[in-house]
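Okay, structure first, notes after.
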Amino acid sequence: MLKYAINGGKPLNGKVKISGSKNAALPILAATLLTKDEVILKNVPVLRDIQTMVELLVMLGKRVRVDDGRMIISSENGGHHRATYEVVKKMRASIVVLGPLLARYGKAEVSMPGGCAFGPRPVDLHIRGMEELGAKVEIHHGYIAAEAEKLQGKSILLAGKFGPSVLGTDNVAMAATLAEGSTVIHSAAKEPETSDLMHFLNAMGANVSSIGSDDLVIDGVSSLHGCEYNIIPDRIEAITYLLSGLVTGGEVEIAYESEEHIHFALDVLESCGVELERKAGSIKASVKDRSALKAANLITQPYPRFPTDMHPVFMVLASILQGESSIKEVIYPTRFNHVPELQRMGANIRQEANTAIIKPVDQLEGALVQASDLRAGAALVLAGLAAKGRTEVHRVYHIERGYENMVEKLQSLGADIQKEKSEVI
Ligand code: EPU
């Protein structure tokens, strides 16, 4: 196993290119199951979660190769409809093959995804959506088994206790592309990654409209064909690198084309007193007077508001803002595993129910810490870069699920960060 060893306290400066979006690429890869034709994807990030999805596609009868940075997905002889526990257990997002398999083969068996480090992650909306489209769904021996001779389009309310579901919307929309008639998903997710999937489905010949609205419309077609598609850049990675400059007292510029996807986060930064320099295809964040940075009160909410996946990295920034900041986590009310680790680095954070209250500290201090999930791990890396002394972040396999070449990118910005063998398990 590996750890990241960081000698903190060095300002990060320079420009970094933002990779393709993991959370857009995963459902798009799953959507290739909807066609027997060849699909060519560009800007797919090289990540552990992508590898897992590729393993899953191969298990389901696809052939996947990479040529000149493009991922080419074609079909072997015949497909399979069973996604087994061995692969699904590695990544919860594997559930997103359920809709495409059901639509394409009339049946699907997908292992129930296991637990998650930051609390319950139910799949009831995915299952309800398939049932509403006319599938018979049963759960046996840890597997979701869905069957339908022909799916029927329908008006479906897909709202859960915490609002829309990103992968739930993706799954149901994919199933609906090959259904008879028209489907409307009310309370659909509006996240850019979901919209990217819908544009991809249309590039394959689907008929999805009202993309990016609360009510997504899918008119069923008889089949889908191959296409070439370019995946959007990763908005969570984009913000992580902007923050890496800010928390270390440097100025980082991101090569990033989709500013509209991070409007809310950029507004938060500006309201704290961060200066943003926007050019075509890039954004640079800097701070003139660190002592004048204002505190922020944030609530995680579905897009276009403040994303839950940015909460842990913003918590590190909050440690240098002047005054008391707060972050209320509404999407995953128990997503706070990074808090005790940040406290061990000297952060002044108090948790009250699903809200963290953060007071500024003069200086974070290096420590040995463990990543418990992807975004918590990214926060610990940022804290380590900002801290005085040496930090070791263990269990970095969580980070490598979702940040492409993080160590190399941070080194290119001047960070003293190395991958080393980890003796802690
Ligand atoms: N929910 C239900 N029932 C369901 C599905 C979800 O109650 O059937 C609840 C969840 O428990 C949560 C809320 O609905 O409270 C929203 O969850 P959602 O379904 O939107 O999450 P997801 O689709 O499983 C994606 C991202 C997550 C990200 C969330 C929220 C991917 C692969 N994953 O998950 O990303 O946090 O949306 O934006 O797209 C990450 O990248 O680190 C990550 C966890």
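The values are calculated or read from the model by the stated rules, or taken from the named source; none is laboratory data. These numbers come from a predicted model, not from an experiment. Here the Cβ positions follow ideal geometry from the backbone for every residue, glycine too, while neighbour counts run over all protein chains shown. For accessibility, only protein heavy atoms count, side chains too; no ligands or nucleic acids. Shrake-Rupley method; radii C 1.70, N 1.55, O 1.52, S 1.80 Å.
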Table column - 3J(HN,Hα) (Hz), region 102-113, Karplus curve with 6.51, -1.76, 1.60, x for Gly and Pro
5, 5, 7, 10, x, 7, 8, 10, 10, 4, 5, x
If DNA, RNA and ligands are ignored and the probe is 1.4 Å, what is the ranking of TYR241, TYR143 by accessible area, most exposed first?
TYR143, TYR241
If I take the Cα coordinates of region 66-193 and project them onto the principal axes, what are the three extents in Å, biggest first?
40, 38, 35
Only four residue types carry charge here, +1 at the Cβ of Lys and Arg and -1 at the Cβ of Asp and Glu. Report the dipole size of the chain about the Cα centre in Debye, rounded to the nearest 20.
760 debye
Can you run the Rg to Rh ratio on region 1-55? Use alpha carbon positions and the Kirkwood inverse-distance Rh.
1.15
Please check: in the Gaussian network model of the chain (C-alpha springs, under 10 Å), which one of PRO113, PRO100, PRO122 has the largest mean-square fluctuation.
PRO122
Dimensionless Rg over Rh [region 339-407; C-alpha; Kirkwood]
0.98
Test of understanding: in a Gaussian network model of the chain with alpha carbons linked when under 10 Å, which of ARG65, ARG395, ARG335 would top the mean-square fluctuation ranking?
ARG65
At a Förster radius of 51 Å, what calculated FRET efficiency corresponds to the Cβ-Cβ distance of LYS294 and VAL58, to the nearest 0.05?
0.50
From the residues ASN297, ALA206, LEU410, which one has its Cα farthest along the dipole of the chain in the positive direction, the dipole being from +1 and -1 charges on Cβ of Lys/Arg and Asp/Glu about the Cα centre?
LEU410
Rounded to the nearest Å, what's the spacing between the alpha carbon centres of region 125-191 and region 359-389? Just the number, please.
39 Å
If the cut-off is 18 Å between C-alpha atoms, which lysines fall inside it for LYS279, apart from same-chain ones fewer than 8 positions away?
LYS15, LYS17
Determine the gain in length on full extension of the stretch LYS421-ARG344; use 0.36 nm per residue of separation and subtract their C-alpha separation, reporting nm with one decimal.
25.5 nm
Relative packing of peptides 72-78, 379-385, 364-370 - highest average C-beta neighbours within 10 Å first
379-385, 364-370, 72-78
Count the net charge of all other residues whose Cβ sits under 13 Å from the Cβ of GLY153, scoring Lys and Arg as +1 and Asp and Glu as -1.
-1
Taking a 1.4 Å probe, which of HIS141, HIS261 shows the most accessible area, and what order do the others take after it?
HIS141, HIS261
Karplus (6.51, -1.76, 1.60) ³J(HN,Hα), θ = phi - 60°, over region 81-91, in Hz, Gly and Pro reported as x
10, 10, 9, 8, 4, 3, 9, 4, 4, 6, 7
Nearest 0.05, what FRET efficiency do LYS89 and HIS140 give at R0 = 22 Å with Cβ-Cβ as r?
0.80
Within a Gaussian network of the chain (alpha carbon springs, distance under 10 Å), most fluctuating of PRO27, PRO233, PRO302
PRO302
Quick one: helix 48-59 against the long Cα principal axis of the chain, what's the angle to the nearest 10°, folded into 0 to 90?
10 degrees
Mean shadow area of the chain over all directions, Cα convex hull, nm²:
19.0 nm²
Quick one: net charge of GLU277's neighbours, Cβ under 15 Å, K/R +1, D/E -1?
0
Between LYS388 and residues 5 or more places away or on another chain, the pairs with built amide H atoms under 5 Å apart involve LEU364, GLU365, GLY366
Give me the net charge of GLU253's neighbourhood, meaning all other residues with Cβ under 11 Å from the Cβ of GLU253; Lys, Arg count +1, Asp, Glu -1.
+3
